[in-house]
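A quick write-up on the structure given underneath.
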């Protein structure tokens, strides 16, 4: 079972991201579940959403305590919430930030850690600072949990018309960004 925990703030679409990820998995013929966990429901308050994907029916219903992947939609949460709690050894981390992993001080994490300027991509593609779907494109590249094609199909199903096309384009750009970063990291590792 592949488990994802998404940390964000109210209004950034963490819950929608988890739902779209599960729909993309369903489109691939797999089982999935998505659900949120939050206290106060005001804009800007920390929100956590979860998604599980498996080839078999999923019976567990509790929050994801040992994620295989983390998505951090707001880098200010890195200093306010223990977002890395329970991350499986070697687990993947994707952070919405124009800064590098080094600039964020995340080099000590044992698994793959990448950043994506998701908010900037969202603003450029559809004029709103909502990074959720953009980050899903990066997550698809980083982990292979779903394909970019099933993800964009889920986006088009949820958001028909121009908003869906713009979100899908932003997700594809983030996918390409992460894929390129992974190739560069592999080349750098081979050179060492």
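The values are calculated or read from the model by the stated rules, or taken from the named source; none is laboratory data. As the structure is a prediction and not an experimental result, all values here were calculated from the model. Cβ placement follows ideal geometry from the backbone for every residue including glycine, while neighbour counts extend to all protein chains displayed.
Being touching a strand residue (DSSP E or B) at 6+ places or on another chain (Cβ under 6 Å), outside any loop (DSSP other than H, G, I, E, B) and surrounded by 14 or more Cβ atoms within 10 Å (Cβ to Cβ) is a condition met by no residue of segment 146-162.
Exactly one residue among 100, 179 is in contact with a helix residue (DSSP H, G or I) (Cβ under 6 Å, 6 or more places away or on another chain), surrounded by fewer than 20 Cβ atoms within 10 Å (Cβ to Cβ) and in contact (Cβ under 8 Å) with a residue 12 or more places away in the chain, and that residue is 179. Here is a check on your reading of the model: is residue 18 closer than 19 Å to residue 66 by Cα, under 11 Å from the mean Cα position of the chain (by Cα) and either surrounded by fewer than 22 Cβ atoms within 10 Å (Cβ to Cβ) or modelled with pLDDT under 95 (or both)? Answer is no for this residue.
Can you confirm whether segment 52-62 contains a residue that is at negative phi, at pLDDT below 95 and buried (at least 19 other Cβ atoms within 10 Å of the Cβ)? Checked against the condition, which is being at negative phi, at pLDDT below 95 and buried (at least 19 other Cβ atoms within 10 Å of the Cβ), segment 52-62 yields no hits at all. Applying a threshold of 8 Å to beta carbon distances and a minimum spacing of six or more residues, or different chains, the list of pairs starting in segment 1-15 at a residue that is touching a residue at least 24 places away in the same chain (Cβ under 8 Å) and at positive phi and ending at one that is crowded, with 24+ Cβ neighbours inside 10 Å and assigned to a loop (DSSP other than H, G, I, E, B) reads 13/73; 13/131.
Within the option set 25, 18, 34, being in a strand (DSSP E or B) and within 21 Å of residue 148 (Cβ to Cβ) holds for one residue only, 34.
The single condition among (1) surrounded by fewer than 21 Cβ atoms within 10 Å (Cβ to Cβ); (2) within 21 Å of residue 47 (Cβ to Cβ); (3) in contact with a helix residue (DSSP H, G or I) (Cβ under 8 Å, 6 or more places away or on another chain); (4) free of Cβ contacts under 8 Å to residues at least 60 places away in the same chain that residue 121 does not meet is (1). When segment 66-93 is examined, which residues are found to be over 12 Å from residue 46 (Cα atoms), touching a helix residue (DSSP H, G or I) at 6+ places or on another chain (Cβ under 9 Å) and assigned to a loop (DSSP other than H, G, I, E, B)? Hits for segment 66-93 are 68, 84. Looking across segment 2-15, the residues that are surrounded by 21 or more Cβ atoms within 10 Å (Cβ to Cβ) and either in contact with a helix residue (DSSP H, G or I) (Cβ under 8 Å, 6 or more places away or on another chain) or within 11 Å of residue 70 (Cα to Cα) (or both) come down to 3, 4, 5, 6, 7, 8, 12, 13, 14.
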